[in-house]
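The structure under discussion appears below in the form of structure tokens.
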Amino acid sequence: MLRSGSAFLLLLLVFVSFSGYVEAYKNYTVGDSLGWYDNLHEPSVNYQKWVAGKNFSLGDFLIFNTDNNHSVVQTYNFTTYKHCDYENALENDTYQWSATDPSATNPVAVTVPVPLMKEGMTYFFSSDYDGWQCKHGQHFKLNVSHGQGLPPSLKDPADEAPGPVAPDSGDEGDSAPDTVVPANFNDPKQENDTDNTSGSAPLLPSFLHQLDYKFSGILALLGVVCIF
């Protein structure tokens, strides 16, 4: 009975531990060992099949292992994706993460990390050579869930609260307001001013005053000597 109770307690502790566990952000290698290529280069690639069964969330990364003869384009525009062409894409809905180098005679391996930064459907393809690679299997779509949300390192600074405007911005409307000092404001420097920036002139009367005292003392001493 004791052994059974101990086992139950152990299972309970394990359950509590995992119930508070938050899954970390993930890195997904697109195509796994096949990499990111068209099916003429890699006949067995099927990227939509690779997507199946995976859960993609904000903050996850897709890692594209390819070469400089294949591009990486991301779009949120289904029409752009369907046409395998980003030339007529709308502003801010399509991004080319890696471009091809037509002058390269020997392909060079490249690794392109792409963060998932927007919820909902997103589309990937290689659009170079008039969409030829895209039309030969180099494309896929996936749905991005909220998950843990974007980590701070991926958040757009524009989403944060705006900072103070610099005084020299050149816009009069953005300049700092004038500071109004009350009439009864007491400046501590007026009470105990040790600032020497006004020069040595204020010290001269004090020096002469002390010299006058010393001179009077000398005259008095001479008078006493003369009497005796």
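Some values worked out for this structure:
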| quantity | calculated |
| --- | --- |
| Cα-based Rg and Dmax for the stretch 27-145, where Dmax is the largest Cα-Cα distance (Å) | 13.3, 40 |
| Added length on full extension, which subtracts the Cα-Cα distance from 0.36 nm per residue, ALA99 to GLN148 | 14.6 nm |
| Cross-link table LYS49/LYS118; LYS82/LYS141; LYS54/LYS155, entries beyond 20 Å C-alpha to C-alpha | LYS49/LYS118; LYS54/LYS155 |
| Gained length - ALA24 relative to LYS155, 0.36 nm times residue gap less alpha-carbon distance | 45.5 nm |
| Segment GLU42-LYS135, length gained on full extension (0.36 nm per residue, minus Cα span) | 32.1 nm |
| For the stretch 64-95 and the stretch 128-159, distance of Cα centres in Å | 9 |
| Of all accessible heavy-atom area on the stretch 27-145, the percent that carbon and sulfur account for (1.4 Å) | 49 |
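The values are calculated or read from the model by the stated rules, or taken from the named source; none is laboratory data. Since the structure is predicted, the reported quantities are computational estimates derived from the model, not experimental observations. Surface accessibility is based on the protein's heavy atoms, side chains included, excluding ligands, DNA and RNA. Shrake-Rupley method; radii C 1.70, N 1.55, O 1.52, S 1.80 Å.
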